[in-house]
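The values are calculated or read from the model by the stated rules, or taken from the named source; none is laboratory data. All values reported here derive from a predicted model rather than from experimental measurement. Note that we place each Cβ from the backbone using ideal geometry, even for glycine, and neighbour counts take in every protein chain shown.
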Amino acid sequence: MNVWAEGAIMKVVKTSTKGQVVIPAGLRAQIGLRPGAKVVVRLTGDGAVQIRPVPKNPVAAGFGLFVDGPSLTAALKEERKAEREREEKKPARFMGHAGVPAGRARRRPRSRPHGGR
């Protein structure tokens, strides 16, 4: 049975008792789905189920995926800049002479037992 929706032909199929569905041969041929191939099954926000073949090279398929999105590098640089500024604003009471923590500014040598060098 064919159903028209959003300008594309959709096939109506039955589910088995195990929840399996058979993707019609014509649709499998259109998307290049071969026996034993893996697919990604996704539930969309409107309750639709999408079935897409897993690309042969997922890394290449994902290349350029975030081109139009925000720059993660710029966000990381901004976050590190803000962290540096927070560190520089720490109260002076935690710092000793010349920016060296007070506990390390003046180390005293250990006392040695008699006769030791």
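Being modelled with pLDDT under 90, exposed (fewer than 10 other Cβ atoms within 10 Å of the Cβ), under 19 Å from the mean Cα position of the chain (by Cα) and on the phi < 0 side of the Ramachandran plot is the requirement here; does VAL54 meet it? The answer is no for VAL54. The number of residues in the stretch 57-83 that are within 20 Å of the chain's Cα centre (by Cα) and basic (Lys, Arg) comes to 2. Residues of the stretch 6-51 that are under 21 Å from the mean Cα position of the chain (by Cα) and part of a loop (DSSP other than H, G, I, E, B): THR44, GLY45.
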